[in-house]
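The values are calculated or read from the model by the stated rules, or taken from the named source; none is laboratory data. The structure displayed is predicted, hence computed values, not measured ones. Using ideal geometry, Cβ is built from the backbone for each residue, glycine included, and neighbour counts are taken over all protein chains shown. When the accessible area is computed, the model is the full protein with side chains, heavy atoms only, and any ligands, DNA or RNA have been set aside. Shrake-Rupley method; radii C 1.70, N 1.55, O 1.52, S 1.80 Å.
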Amino acid sequence: MEKKKIIAGNYYSNHIHVPIELIKLEDNSLHIVTTVEIDGIVGEMIIDTGASVSVIDKTLCSNVLCHSDNSAHLQSASVTGQIENVEVVQADYLKIGGRKLKKVPLVAIDLKYVNAMYEKNLRRKIIGLLGCDFFVHYQVIIDYANLKLTLKLNKKTLSKH
C-alpha cells in the first residue's frame, strides 16, 4: 500500500506515476517513451536504462532553455565506440507525471540519428533520453504490465535537484 502524506487537507503522494508507451520502431526493436516538459518545451523522451546519463537534444539548448556549466564537460562513448566531448547542462525544470523536478542535470548531444529513425518509422520527434542516472536518483520502477513508471520522491532526492 502506498503511503500518503497529508498537506493542507489534500493528499500528497511521494510517488509519481507516469504513463509510458511501448512502441515498435522496426521489426525487432521495441522502445519505451514518455511525454515530458523541459523548460517549457513539451516532447517525448526515450526511457533508456542503458544510457548512463540523461540527455537532451543539443538543438533545443539555447541560453533560454538550458544553463550550461562551462566547466562541465564529459567524454561520451556511443555503442559504436565513437568518443566525443559533450556539454553538461542544467534544465530549470523537467515536468513528468504532473510534477516539476527542478534543476535537472542533462547532457546535450546530437540526436539527429535517433530522430531520423523516429521520423522515418513513426513521424515522431524525440527531445531526449532518460538514463540510468535519473532512474537511480528517483528509484524508478518500470511497470511493463501497466505501462507506467513510478518515481519516488523523498527529502534526499528532492534536495539534489
In region 26-36, the residues that are over 17 Å from the mean Cα position of the chain (by Cα) and either crowded, with 17+ Cβ neighbours inside 10 Å or of a type in the set (Gly, Ala, Ser) (or both): Ser29
Odd one out for Val42, checked against (1) open to solvent by less than 90 Å² (accessible area, probe 1.4 Å); (2) of a type in the set (Val, Ile, Thr); (3) modelled with pLDDT of 90 or more: (1)
Residue among Ile23, Ile16, Ile7 that alone is modelled with pLDDT under 85, aliphatic (A, V, I, L, M) and either closer than 18 Å to Leu149 by Cβ or open to solvent by 30 Å² or more (accessible area, probe 1.4 Å) (or both): Ile7
Residues that are of a type outside the set (D, E, K, R) and under 12 Å from Leu153 (Cβ atoms), drawn from region 99-112: Leu101
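Restricting to region 104-143, name every residue that is charged (D, E, K, R) and modelled with pLDDT of 90 or more.
Correct list: Asp133, Asp143.
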Residue in region 101-113 that is among the hydroxyl-bearing types (Ser, Thr, Tyr), surrounded by 13 or more Cβ atoms within 10 Å (Cβ to Cβ) and within 19 Å of Leu25 (Cα to Cα) present: no
